[in-house]
Amino acid sequence: MKTTVLESLNQGLMAALKADATVHLLGEDILDPYGGAFKVTRGCSTAFPERVIPTPISEAGLTGVTAGMALRGLRPVLEIMFGDFTTLVADQLINHISKFRWMYNDSVTLPLVIRTPMGGRRGYGPTHSQSLEKLFMGVPGLTVLAPANFSIDTHSPGSLLENSILYTDSPVLFIENKMQYLQPLLTTEILSDFDVELRFDPSDSEEQFPIYCLRIKGAPPATVTISAYGFCGELARQAQSKLAFEEEIFSQLIIPTRLSPFALQPLMESVARTGKCLLVEEGTRSLGWGAEVAALLAETLGDKLKQVKRLAALETPVPAAVSLEKSMLPQQEDIEALLRKMSA
Amino acid sequence: MTLEEEYFRDMLRIRRFEETVLEEFKRGVFSGTTHTSIGQEADAVGVIRQLLPDDVILTNHRCHGHFLAYGGDMRALFAELMGRQTGICGGRGGSQHIHYKNLYSNGVQGGIVPIAVGMALAEKQKKSEAAVVVFIGDGTLGEGVIYEAFNMASLWSAPLLIVVENNHIAQTTPTEYALAGDIRMRFQAFGIPALELDTSNVMEIAGNTFQLMREVHEDYAPRALILNTQRFGPHSKGDDTRSEQVVALLKEKRDPITLMEKQLSSDSVSSIRAEVEQQVKTAFEIALADPVATMEGRP
Ligand SMILES: Cc1ncc(C[n+]2csc(CCOP(=O)(O)OP(=O)(O)O)c2C)c(N)n1
Ligand SMILES: [Mg+2]
């Protein structure tokens, strides 16, 4: 049986709880037998009853509680049941948690992780389907991560989470995607058609935040670069593969796991060669991740950048009806269509 | 020194520090903003002097008094307000964002209360026996997050003392324009025993806090202390909408320093006054000569 992203995250939590007695999990409905609304914490409360704390429905207050715990030597992990509710967490994240270390002149650390599932495609409607992470990218002092559905070398969604909990002394917002949960982890064997290279930003000296660079094995040089994260990374991978085998359109795909602060390498290297970049995200299009990356590419590459395109959600709330949601959120076919256009 | 003399000296240090800040603000020595606690010194000294060495303090925008009562260095506070490298936080935080030993402040109303709960739970989990004190104002009772925090503090038996400094005004808004019902009952609704005092007598605040902190430490559970007090200065600087007569009347009745002074011998009062005057002057002058904060080499 293949391990899913969900199981991998669960293993990461368990491993962190086991490794360090200062790790505590907090969240709504996280106790067994339920194990959290998406089951990521399943088994944790049975194995570590003292350190898995079921909470009232108090996202703002809870985020403050985790901040206090982290400031006084614990390593708390908070689950926010739906990413949409990060709006309630925003004051603590932006005006407290992300500021303390710097404004206190580096005299404190805040080792805490806030995990939350974003994303639609499940018909949950306008307030349970959003991808709001762009609101938190670019906040100084905050690291925003998104796992990819790979298990390569020692890197997996679970290891990304485990390392964030155990070894990152600055606050982390860990963005999961609901559609990722049931995806199987892709290993190098499964990815036998692909060359997968793991890269790390020089600032990431511990090599915690892999950047996955994918090409079709033995393919001619890529003519377009694609970058996407989270579930869109998987949609992009499928589009990449399909167009390569069916239409001989060859691309390179870069999937970062650290969204903010954003590291431009190795994306820049790839775009320097292809001259063209497609950026895919599930959040709304304006003033988002793609906009920032496009600006960085333009600033750095100058006229080596021939074309950049963004594919993102339409500027409306996420609708509940399956048909509406499908036309509102970026689909694999949309990626394929843009790739065709860009490579023409 | 007797305890009374010590408390008098500590309150006077806060008073003279803050009077100096307000005076020198006008001359451009300080920039940005500041909030003085002139009139409320008995709260800071009465409460903080009862804490054990490992106890933790969370405070708000009006935090100079708490910092000084905690034993914080006056020159470092002057320097922080002046934007000097030698400031408590190297000039990064300024008047309302400081961290020194186990004292932390932030300038967003209400947000420190859940953080205090988390800290109290961490201390309890570590079996350190330290407790946490958080200071909020009456106006901050309007922030929703504090009720989430009260609930969790009570639910999880956090060793926490919540101190409400009710100076009956929030910036310019009198409490009766902003607060419904009774403050004590807000705590009682969460099962947190609350004691309310209406005094500017530092010894009375000290004695009651001592008792409450003992309960917090022994019961491992939260308590609340509501201190009715009076703010004599502006909210920030020069922004007092109250008439001078009204403020003068408050000073006449409720000045914690005058109240204490009456109980001390005139000899000790004058020697303490001279000592504090010298301390403030020296701290101010050293801070003024300190190097200005820069970003160089500090990412
Ligand atoms: C969330 C938030 N809203 C508004 C302000 C602006 N502000 C600073 S102090 C203050 C009044 C606070 O009143 P109170 O809690 O009674 O404390 P006091 O100033 O009387 O000590 C206000 C409105 C703030 N700092 N934070
Ligand atoms: Mg007030």
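The values are calculated or read from the model by the stated rules, or taken from the named source; none is laboratory data. This structure is a prediction, so every number in the text was calculated from the model and none was measured. Note: ideal-geometry Cβ built from the backbone for every residue, glycine included; neighbour counts use all protein chains shown. Remember, those area values only see protein heavy atoms, side chains included, never the ligands or the DNA or RNA. Shrake-Rupley method; radii C 1.70, N 1.55, O 1.52, S 1.80 Å.
Here are a few things to note about the model shown:
- For region B:182-196, backbone phi angles converted through the Karplus equation (6.51, -1.76, 1.60; θ = phi - 60°) give residue-by-residue couplings of 10, 5, 4, 5, 4, 6, 4, 4, 9, x, 9, x, 10, 10, 10 Hz, Gly and Pro being listed as x.
- Protein heavy-atom accessible surface, 1.4 Å probe, per residue over chain B: 40 Å².
- Sequence-distant residues sharing a close amide H with A:Leu185 (under 5 Å, placed H): A:Thr3, A:Thr4, A:Val5
- Most mobile listed residue (A:Gly233, A:Gly302, A:Gly123) in chain A, GNM with C-alpha springs under 10 Å: A:Gly302
- For region B:215-273: span of alpha carbons on each principal axis (Å, largest first): 45, 38, 20
- Ellipticity estimate at 222 nm from DSSP helix runs (n ≥ 4, -39,500 (n - 2.57)) divided over chain A, nearest 500: -9500 deg cm²/dmol
- Using every pair of separate Cα atoms, the Kirkwood estimate puts the hydrodynamic radius of chain B at 19.5 angstrom.
- Rounded if a/c under 1.5, otherwise prolate or oblate - region B:87-217, Cα gyration tensor axes: rounded
- Residue of B:Ala248, B:Ala44, B:Ala158 that the Gaussian network model of chain B assigns the largest fluctuation, springs spanning Cα pairs under 10 Å: B:Ala248
- Helical runs assigned H by DSSP (4 residues or longer) give chain B a calculated mean residue ellipticity at 222 nm of -14500 deg cm²/dmol, each run adding -39500 (n - 2.57) before division by the residue total.
- Relative contact order computed over region A:194-343 (Cα-Cα under 8 Å; 6+ residues apart), in percent: 24
- Among the GluC sites (Glu not before Pro) in region A:221-298, those located in a DSSP loop and surrounded by at most 16 other Cβ atoms within 10 Å of their own Cβ are A:Glu248.
- Per residue, the convex hull spanned by the Cα atoms of region B:150-245 measures out at 113 cubic angstrom.
- Counts of other chain beta carbons within 10 angstrom of each beta carbon in peptide A:90-100 average 3.
- Inter-chain shielding of B:108-114 (mean C-beta neighbours from other protein chains, 10 Å cut-off): 6
- In this entry, region A:194-343 is assigned a mean projected area of 9.1 nm², taken as a quarter of its C-alpha convex hull surface.
- Inverting the pair-averaged 1/r between distinct Cα atoms of region A:284-344 gives 13.2 Å as its Kirkwood hydrodynamic radius.
- Protein heavy-atom surface of region A:216-278, 1.4 angstrom probe: 53% of the accessible area is carbon and sulfur, with nucleic acids and ligands not counted.
- For the protein assembly as shown, a Kirkwood hydrodynamic radius built from all Cα pairs, placed in the Stokes-Einstein relation at 37 °C and 0.692 mPa s, yields a translational diffusion coefficient of 122 µm²/s.
- What region A:194-343 shows is 42 Å² of accessible area per residue, with the surface traced by a 1.4 Å probe over protein heavy atoms.
- Rounded to two decimals, the Cα-based Rg/Rh of chain A, with Kirkwood Rh, is 0.96.
- When each of A:Lys18/B:Lys126; A:Lys39/A:Lys99; A:Lys39/B:Lys127 is checked by Cα-Cα distance, pairs over 22 Å: A:Lys39/A:Lys99; A:Lys39/B:Lys127
- Nearest-ten-degree value, helix A:332-343 long axis tilted from longest Cα axis of chain A: 40
- Of the GluC sites (Glu not before Pro) found in region A:159-209, those in coil by DSSP whose Cβ has at most 14 other Cβ atoms within 10 Å are A:Glu189, A:Glu206, A:Glu207.
- Pairs of Lys residues in region A:213-321, spaced 8 or more positions apart or belonging to different chains, with C-alpha separations under 24 angstrom: 7 in total.
- Among B:179-186, B:118-125, the peptide with the highest mean count of other Cβ atoms within 10 Å heads the list, and the full ranking is B:118-125, B:179-186.
- Rounded to whole Å, sorted largest first: equivalent-ellipsoid semi-axes of region A:267-306, Cα gyration tensor: 19, 10, 7
- Where labels lie 7 Å past Cα in the beta-carbon direction, separation of A:Thr127 and A:Asn95 in nm: 2.2
- Chain A: angle of helix A:157-167 to the longest principal axis, Cα-based, in degrees nearest 10: 50
- Annotation for region B:219-263: trypsin sites (Lys or Arg not before Pro) lying in DSSP loop with at most 12 further Cβ atoms inside 10 Å of their Cβ are B:Lys262.
- Whole-percent carbon and sulfur share, accessible surface of region B:111-162, 1.4 Å: 45
- Averaged over its residues, region A:5-180 has an accessible area of 30 Å² per residue, based on protein heavy atoms and a 1.4 Å probe.
- Inter-chain Cβ neighbour count for B:119-130, averaged per residue, equals 5 (cutoff 10 Å, partner chain atoms only).
- 0 to 90° range, to nearest 10: angle between helix A:5-19 axis and chain A longest Cα axis: 40
- A:Val23 long-range amide H proximity, modeled H, under 5 Å: A:Arg75
- Each of B:Arg13, A:Arg340, A:Arg115 has its accessible area taken with a 1.4 Å probe; listed largest first, they run A:Arg340, B:Arg13, A:Arg115.
- Across chain A, the mean sequence separation of Cα contacts (distance under 8 Å, 6 or more residues apart), normalised by length, yields a relative contact order of 16 percent.
- Where only C-alpha atoms are counted, convex hull volume of region A:1-138 per residue in Å³: 130
- Buried surface for the A/B pair, taken as the accessible area of each chain alone minus that of the pair with a 1.4 Å probe, is close to 2600 Å² in total.
- Reachable lysines, given that their alpha-carbon falls under 29 Å from the alpha-carbon of B:Lys262 and they are not under 8 places away in the same chain: B:Lys251, B:Lys253, B:Lys281
- Amide hydrogen proximity for A:Leu278: with H placed 1.01 Å from N in the peptide plane, the residues at 5 or more positions away or on another chain lying under 5 Å are A:Thr225, A:Ile226, A:Ser227, A:Lys309.
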